[in-house]
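Each remark here refers to the structure printed beneath this line.
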């Protein structure tokens with residue numbers, strides 16, 4: 001039976017999906033997002049993060065049952081204020097609430113737990129955003145007109161710049177920015193696990209405050225095989241392009257996308273990225289945006305994301321194992 005699903009392809013020319021789940025491309029899910037046909041590790045990452053949420057509670061409260069026993073009476077402001085837009089409290093009101101609740105059992109321990117869980121949530125949200133951004137890139141590449149109104153196009157390859165193209169390039173830029181955000185989030189998470197607080201006479205500051213990816217002084221995981229803390233071509237690319245986008249601006253003098261026309265029909269659409277020489281751009285004095293290699297990022301973006309996610313899964317699994325092996329803390333009366 002022929003499928004009526006339309007596949008957003010890596011070449012930018014949509015086609016009917018024939019049911020081959022080994023094929024590279026993106027399909028529309030019931031919520032309207034474009035998700036990859038294969039290779040998506042989002043749900044694996046979510047599953048590990050759920051276990052991390054519980055593992056923090058287990059260690060900090062001397063067992064998950066101790067945490068669930070107190071949870072029904074925990075003031076709501078403890079769990080969301082300063083963390084969530086659902087809490088309409090100012091900083092001043094938050095401080096007043098803390099003062100009024102100072103005799104609540106294990107208040108500082110609870111505050112710290114939800115701060116740790118916020119680090120895990122940061123990993124979850126950045127992961128989802130990166131996946132959705134990649135899907136949006138392929139939606140625009142496949143289904144948006146590069147030039148409006150449509151016009152007759154001669155055979156050959158030509159570039160386009162338009163609002164649709166500018167939006168597509170902005171989405172691509174954000175993929176690199178968000179993946180680098182994930183590197184920072186994972187750094188904060190591993191630092192907190194390695195330096196987990198145990199003194200709750202006062203509300204403790206996170207050990208990971210100010211920790212950023214690549215800062216060797218914060219933890220001993222740099223070079224850990226299989227993880228995102230081991231240097232790789234994927235990590236090098238994410239760092240290089242993110243840093244350029246944040247600190248120097250566009251990767252081209254103006255956003256461009258290319259279209260190949262044969263017999264009056266589009267047969268390919270693509271986006272070029274500048275050449276790299278290892279972990280750096282190919283550079284000659286002031287010039288460092290060379291395109292001689294014709295790096296079509298649309299042909300390899302899913303592979304980049306898949307490799308990143310594979311390393312992310314191994315990173316999170318190692319973090320979970322490290323957290324679960326820590327001794328359960330003893331709840332102290334009057335803390």
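General observations
- Candidates 194, 153, 129, ranked by Gaussian network fluctuation over the chain, Cα under 10 Å, top entry: 153
- With contacts taken as Cα pairs under 8 Å at a separation of at least 6 residues, region 164-243 carries a relative contact order of 34 percent.
- Degrees, to the nearest 10: 42-60 long Cα axis against longest axis of the chain: 10
- Build a GNM of the chain with springs between Cα atoms under 10 Å apart, and of 186, 305, 107 the one that fluctuates most is 107.
- Per residue, the chain reaches -15500 deg cm²/dmol at 222 nm when only DSSP H runs of four or more residues are counted, each adding -39500 (n - 2.57).
- 0 to 90° range, to nearest 10: angle between helix 163-194 axis and the chain longest Cα axis: 30
- Entry for volume of the Cα convex hull per residue in Å³ (calculated from the structure that is shown) out of [x] 161; [y] 186; [z] 262: [y]
- Backbone N under 19 Å from the residue 170 label point (7 Å along Cα→Cβ), restricted to region 118-140: 129-140
- Summarising the label geometry, the points placed 7 Å from Cα in the beta-carbon direction at residue 54 and residue 68 lie 0.9 nm from one another.
- Rounded tilt (10° steps) of 107-143 against the dominant C-alpha axis of the chain: 10
- Percentage relative contact order, the chain, counting C-alpha pairs under 8 Å, at least six apart: 24
- All-pairs alpha carbon distance profile, region 68-186, 5 Å steps from 0, percent: 2, 9, 14, 13, 11, 9, 9, 8, 7, 6, 5, 3, 2, 2, 1, 0
Read-outs: derived from the displayed coordinates by stated rules, not from any lab. Computed from a prediction, not measured in an experiment: that's the story for all the values here. Backbone-built Cβ (ideal geometry, glycine too); neighbour counts: all protein chains shown.
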